[in-house]
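Structure, as structure tokens:
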């Protein structure tokens, strides 16, 4: 594998970092909840139906930030 192939492979996949964790005592008791899930629940409650793009965005945001109690 040459230098160019290595660079091309790293552009396709961003490096995996552990999600940021934010503690919200009193709001969440037992389970962790991702940022994408929070946004998805909020928009659903407002009457906005999720699409495929919404699901992908929620998964990405869940990997980025997690809330715990």
Please specify each residue of region 13-50 satisfying the condition of being under 16 Å from the mean Cα position of the chain (by Cα), more than 13 Å from residue 68 (Cβ to Cβ) and modelled with pLDDT of 85 or more. 36, 39, 40, 41, 42, 43
Only one of these conditions is not met by residue 5: (1) over 19 Å from the mean Cα position of the chain (by Cα); (2) part of a helix (DSSP H, G or I); (3) at pLDDT 90 or above. Which number is it? (3)
Counted residues in region 32-59 being in a helix (DSSP H, G or I), exposed (fewer than 15 other Cβ atoms within 10 Å of the Cβ) and either touching a residue at least 60 places away in the same chain (Cβ under 8 Å) or touching a helix residue (DSSP H, G or I) at 6+ places or on another chain (Cβ under 7 Å) (or both) come to 1
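The values are calculated or read from the model by the stated rules, or taken from the named source; none is laboratory data. Keep in mind the model is a prediction, meaning the values are calculated, not measured. Heads up, the Cβs are rebuilt from the backbone with ideal geometry, glycines too, and the neighbour counts pull from every protein chain shown.
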